[in-house]
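The structure appears right after this line, and notes come after that.
Nothing in this text is a laboratory measurement; each read-out follows from the coordinates by a stated rule. As the structure is a prediction and not an experimental result, all values here were calculated from the model. Heads up, the Cβs are rebuilt from the backbone with ideal geometry, glycines too, and the neighbour counts pull from every protein chain shown.
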Amino acid sequence: MSYVSGAAPPAGCVFCTALDAGDDRRVFVVERGARAFLILNAFPYASGHLMAALVRHGGGLLEAAPAELAEMMALVQRGMRALLAAYRPDGFNVGVNEGRVAGAGVPDHLHVHVVPRWNGDTNFMPVLGGARVLPESLDATYQRLAAALTS
Ligand SMILES: [Zn+2]
């Protein structure tokens, strides 16, 4: 259970909603762990934009337990390796936005963004919005990363 025992999932939390959907493929959860999971960003800055999120709802980086951080960062590494295999990026932006003022879309559910970057791309973390040009669908990204994670 991804939220406080006995309570409904926090309204509007995309992570809790995804975990409870019962259909990982439909909601683009590409991998689950005990304390953290990998999910595609539904509004990616670039194709392959992943997030490693805690299973537990509530709190930010300062509230996370060491075991939660360890598992979440291990999933960041797994996601990076899968992206390298599937997309051959030249680099990554990996980071946490803490608080709405810093650009966090879901400020109460800790998650780390993993955004693949390519030499010459024009897509430097448009945190404040802007055009997003994506060469493939989320379904296609899901299939590529799911394959890379299991190979
Ligand atoms: Zn949540």
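Multiplying the sequence separation of residue 73 and residue 140 by 0.36 nm and subtracting their Cα-Cα distance, what value in nm do you get?
21.7 nm
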Discussion item. What FRET efficiency comes out for residue 101 versus residue 11 if R0 is 25 angstrom and r is the Cβ-Cβ distance? Round to the nearest 0.05.
Written reply: 0.70
Worksheet item: If we count every other residue with Cβ under 15 angstrom of residue 27's Cβ, Lys/Arg +1 and Asp/Glu -1, where does the sum land?
Response: -2
Worksheet item: Between residue 93 and residue 108, how many nm apart are label points set 7 Å from Cα along the C-beta direction?
Response: 2.7 nm
Worksheet item: Where Lys and Arg each count +1 and Asp and Glu each count -1, what net charge lies around residue 65 among other residues with Cβ under 13 Å from its Cβ?
Response: -1
Fill in: Cα→Cβ-extended label distance, 7 Å offset, between residue 43 and residue 84, nm
3.1 nm
